[in-house]
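One structure is given below, encoded as structure tokens.
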Amino acid sequence: MARLGLLALLCTLAALSASLLAEELKSKSCSEVRRLYVSKGFNKNDAPLYEINGDHLKICPQGYTCCSQEMEEKYSLQSKDDFKSVVTEQCNHLQAIFASRYKKFDEFFKELLENAEKSLNDMFVKTYGHLYMQNSELFKDLFVELKRYYVAGNVNLEEMLNDFWARLLERMFRLVNSQYHFTDEYLECVSKYTEQLKPFGDVPRKLKLQVTRAFVAARTFAQGLAVARDVVSKVSVVNPTAQCTQALLKMIYCSHCRGLVTVKPCYNYCSNIMRGCLANQGDLDLEWNNFIDAMLMVAERLEGPFNIESVMDPIDVKISDAIMNMQDNSVQVSQKVFQGCGPPKPLPAGRISRSISESAFSARFRPYHPDQRPTTAAGTSLDRLVTDVKEKLKQAKKFWSSLPSTVCNDERMAAGNGNEDDCWNGKGKSRYLFAVTGNGLANQGNNPEVQVDTSKADILILRQIMALRVMTSKMKNAYNGNDVDFFDISDESSGEGSGSGCEYQQCTSEFESNATDHSGKSANEKAASAGAQAEAKPYLLTVLCLLFFVVQREWR
């Protein structure tokens, strides 16, 4: 009887042991890890069916593991690709925004010029007929130069406009005094009296001011959108260092080696790794934010006194007003010119041109009412275009400092903020205990997850910082009404010249409250121009220092 009891006990123990052994073998199965590994296109022969000794692992925690040496190596490459893919995806979205807005603004501006030229041509043909047709190249040249300025920027707008009015005065003076013969020397004398006589009234001065401000602001704004597009495009191409790649492998796939295929990395753990891997991108943030602020300031100008649409739409009316003013005052102007330059020689009787009174100069334009101004260029208006761009600019601010968080917010990269206990911390399924380090290269010395060489700045990032700094300086000059390529193009004695950039009384206080490094400037145009040049000197020194640093690094 005792033997039967002992036998029953042994059978029970054997059954229990077999059950425990089966459970243990089941827990060590690597089937799910193997399935996910193969789903990424890797060879299933790399993956063991059951856990093996992990002494061969170089990065992932050793001990019993579901990862072979081949798996760790391939996971390392995959983690790098995963990281680059998520970063590129975030940057591509921003890059596409700037690219599309630049294209839209560029199309709008070019079409605006085309429409303005066509409108002027149509109305001048109707109003002045043959006389305009004989002199149409003068107006065509004006638009050629305006387009050339927008495309290349190598046109001095003030000199070009002065030349336009001088040539128009020459043609008009001959027309209103068609009974006389004028030599080139005589016409040069006439031009000397232009400022004194103001044959076209105040139109040339006002139009020169409006065109210069509006064109500089519009072109600089379009350039800014293109620079933002290019900076994002270049910086989005990330190449992780060896230390970063090791940290990425440990974060993304080492949990698989432990069989924790559904456990995602802890959010703060991910944040530290991303701030280490994107340390150089973080250094863009300060200059990027300054650039965005400058873009928003110029956008305000485009919505207000520097509105290129409100300048170009009625330009035909303004030029016609100047012509009418010359016609109305032709007798007084001619008498004063004759007094100063001497009496001209009459033409022979048979060659006297038809009197100006017989021409079509008596017709006048009816200007557009602001509410009637059509929506033309690129199917939109400047106000709508700028409003949209402003919203996108505000959203883009602090993009680089928030990029690590943006990447970790992607569900493919990390667990949510609320899941702090059941997440992968690099060693196991538990809470991540380290504090999150700051952004930028200088803050990575104490990063617990990624070894970062804080003594070496990235050359590509330095170049993008320089590009943003140059563009920010141009934006500030455009905001002030200064030509970004010709700092001293205006000498308006009224203080309303290109250098002041202020058409309304609140302009000075508005700028002082919105911009940096411009305090102490008066509304006087010359003082503003001098201030812009003074600001450029320390900026130039900074650029030279950065260039020296870049060249020195490349020599090494």
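If R0 is 60 Å, the Cβ-Cβ spacing of Glu300 and Tyr64 corresponds to a FRET efficiency of close to 0.40.
Modelled spin labels at Asp388 and Lys118, positioned 7 Å past Cα toward Cβ, are 2.0 nm from each other.
Put Asp410, Asp483, Asp55 in order of accessible area, highest first, and with a 1.4 Å probe you get Asp55, Asp410, Asp483. Trp288 contributes an accessible area of around 0 Å² to the protein surface, as traced by a 1.4 Å probe with all chains present. In the frame of its principal axes, segment 203-325 has Cα extents of 88, 25, 20 Å, reported largest first.
The length gained by stretching the chain between Phe338 and Leu460 to full extension, at 0.36 nm per residue less their Cα-Cα distance, is 37.4 nm. To the nearest 0.05, how large is the calculated FRET efficiency for Arg412 and Lys110 if R₀ is 25 Å and r is the Cβ-Cβ distance? Computed FRET efficiency for Arg412 and Lys110: 0.05. How big, in percent, is the set of alpha carbon pairs in segment 107-156 lying more than 14 Å apart? Of all Cα-Cα pairs in segment 107-156, 55 percent lie more than 14 Å apart.
Remark: segment 274-323 carries 22 Å² of accessible area per residue (probe radius 1.4 Å; ligands, DNA and RNA excluded). Using 0.36 nm per residue and subtracting the Cα-Cα separation, the extra length available between Tyr50 and Thr88 on full extension is 10.0 nm. Taking a ≥ b ≥ c as the square roots of the Cα gyration tensor eigenvalues, segment 384-441 comes out prolate, since a/c reaches at least 1.5 and a/b is larger than b/c.
In terms of the mean number of neighbouring beta-carbon atoms within 10 Å, the peptides 403-409, 213-219 order highest first as 213-219, 403-409.
Ranked from largest to smallest solvent-accessible area, with a 1.4 Å probe on the protein heavy atoms, Lys476, Lys44, Lys250 come out as Lys44, Lys250, Lys476. With protein chains left intact and a 1.4 Å probe, residues in segment 112-195 average 49 Å² of accessible area per residue. Spatial offset of segment 167-195 relative to segment 254-284 amounts to 76 Å, using the alpha carbon center of each.
Annotation: Glu145 carries an accessible surface of approximately 50 Å², with a 1.4 Å probe and no ligand, DNA or RNA atoms counted. Heavy-atom accessible area for Glu32, with the other protein chains in place and a 1.4 Å probe, reaches approximately 80 Å². In segment 116-226 the Cα-Cα distances spread across 5 Å bins starting at 0 as 2, 10, 18, 20, 20, 15, 9, 4, 2, 1, 0 percent of all pairs.
The values are calculated or read from the model by the stated rules, or taken from the named source; none is laboratory data. In this text, all values refer to a predicted model and were calculated from it rather than measured experimentally. Cβ: placed from backbone, ideal geometry, glycine included. Neighbour counts: every protein chain shown. Remember, those area values only see protein heavy atoms, side chains included, never the ligands or the DNA or RNA. Shrake-Rupley method; radii C 1.70, N 1.55, O 1.52, S 1.80 Å.
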